[in-house]
Each structure stands twice: as structure tokens, then as C-alpha cells.
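Below is one structure, written out as C-alpha cells; comments come after it.
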Amino acid sequence: LLKVLFLRISVYPPCQAIPKVTTHTVFFRFPEVDHKKVPVHPAYTVSYMPQHMSDGQLQVVPDSVTLYGMSQKLENVTQVFTEPIKHSDLASDVQGVVRLEKLKDVRMSAEEVHYILDVKRYVDIVRTLPVNVINVPADKRLQVFPSSVAVTLKMSFPLTADPEEGLGAYVDYHDYAKSLSGMCKVKLSGAPKGLLSYESDPVAVGCVLEDR
């Protein structure tokens, strides 16, 4: 508009009336901006000193962020990642701040997050337990082979409770009903306080269903 006005002024002598300039509505088209909330996924690699392990997963705060950008940029984004977190030979809790991986043409409500990983010292306690069965229909009997398993408990040290009190191993009939191989994973009941994780040997047992 200014360019047109300048050209019109330049072609008329001084003091001569300038014809009326008609203005028009100008439309601006901006890309559609959207927003969505997605979880933060920590990318981390850690190792521990002997007889040490994490007590759960590495936690981040905040655990989610809001993304702002064009709809087509956001529609396929389901999570955002942190930059790599690396620690080795851990024997105690670790925490810090880490930046989030940037996404092109996308703004995030936070550019960094705090993280913390709880680390515990543990002791191994091995027990042989009979394998019980639960949820079996009244007119059926579920036999398991072998009938007992060796369970290794990784217990937080020092012990704060008797690890054997109420402890048991079992398989669930519902798992058998969904199994294609007839194998059922052994599960633990009565998990003691301070249990970090456990392993059974074997991990799964064979099951045979019989009529009563």
C-alpha cells in the first residue's frame, strides 16, 4: 500500500490533489498452533557396586511436559526423552538435573528435569518353597511340576523383618487358562518388607489340569 501511495504522489505536481486511495482488508494466515501433554522418558545407563541395586526406577520431576507447536508436528509425539544420564559403580542414591532432547519447531513447558535414583545395599536369601495353586475351579485339579522352586530374595540391608514370615510361591489358574504351552510363571505371595526383587528357579513350572 505504501509503495502504491509513493508512486501516485511522485507522478502528480506539487499542490495538486491526490486521488482518493482505497484500502483493502489484509488477511494474515498463521499456522494452526496446538498443545499436548506427554510423559518424560529418562534415558539412563547405570552400574552398581557389588551387592547394590536400585530400589525402583529412576524418577524425574516433572514427569511430563506440555508441548506447543503446529498440529502436524505434535500428532506423532507420544513422549520426550532426556539427554543421556550415565553413572557407574553406584553405592548410594544419586540425583541431578538433565536437559530434555529438543524437538524441531516445538516449544516445551520445561527444558530440563530433576532426576533421582534410590540405591540400596542388599543381601541374597535363598529358600525352597512349595508351589501352591489358586483360583482353580471346584471341579478341577491343577498339578504343577516341579512342585517346589528355589526362590532368591534380594533384601534391603540391614533386614527390618523376618523374610520368611508369610512367604509363599504360587501359580494362578487364570495364567494357565491363557497359556498356550501349559507353563505358568511362579509368583510370590507375602512379600516381606524390604524386598527389592526376587527370582525363582525355575521361573515357570509345567501345569496339568485334571478333573476331580
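The values are calculated or read from the model by the stated rules, or taken from the named source; none is laboratory data. As the structure is a prediction and not an experimental result, all values here were calculated from the model. We place every Cβ from the backbone using ideal geometry, glycine too, and count neighbours over all the protein chains shown. Note: areas computed on protein heavy atoms with side chains; ligands, DNA, RNA excluded. Shrake-Rupley method; radii C 1.70, N 1.55, O 1.52, S 1.80 Å.
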Simple SL model, points at 7 angstrom along Cα→Cβ for ALA138 and ASN76; separation in nm is 5.7 nm
Per residue, how much accessible area does the chain show when a 1.4 Å probe rolls over the protein heavy atoms, in square angstrom? 68 Å²
For the chain, what does the helix formula give at 222 nm: sum of -39500 (n - 2.57) over DSSP H segments with n ≥ 4, over the residue count, nearest 500 deg cm²/dmol? -2000 deg cm²/dmol
Output ³J(HN,Hα) for the range 124-130: one whole-Hz value per residue in order, computed from phi by the Karplus curve 6.51 cos²θ - 1.76 cosθ + 1.60 with θ = phi - 60°, and x for Gly and Pro. 8, 10, 10, 9, 9, 10, x
Ignoring ligands, DNA and RNA, what percent of the accessible area of the chain is carbon or sulfur (1.4 Å)? 54 percent
According to a simple spin-label model (label point 7 Å from Cα along Cα-to-Cβ), what is the distance in nm between THR160 and VAL126? 2.8 nm
Comparing VAL113, VAL136, VAL98, which has the greatest mean-square fluctuation in the GNM of the chain with Cα pairs linked when under 10 Å apart? VAL136
Filter the cross-link list LYS86/LYS120; LYS86/LYS187; LYS36/LYS120; LYS36/LYS178; LYS140/LYS193; LYS36/LYS102 down to pairs whose alpha-carbon distance in this structure exceeds 27 Å. LYS86/LYS187; LYS36/LYS120; LYS36/LYS178; LYS140/LYS193
Any residue on another chain or 5+ positions along whose placed amide H is under 5 Å from the amide H of GLU112 is listed here as LEU100
Using a Gaussian network model on the chain with a 10 Å cutoff between Cα atoms, which of LYS185, LYS104, LYS193 fluctuates the most? LYS104
At a probe size of 1.4 Å, how large is the accessible area of HIS114, to the nearest 10 Å²? 110 Å²
Which residues' amide hydrogens lie under 5 Å from the amide hydrogen of VAL119, considering only partners 5 or more residues apart or on another chain, with H built in the peptide plane? ASP55, ASP93, VAL94
Quick one: Debye curve from the alpha-carbon atoms of the range 108-212 only, equal weights, vacuum; give me log10 I(q)/I(0) at q = 0.20 Å⁻¹ to two decimals. -0.97
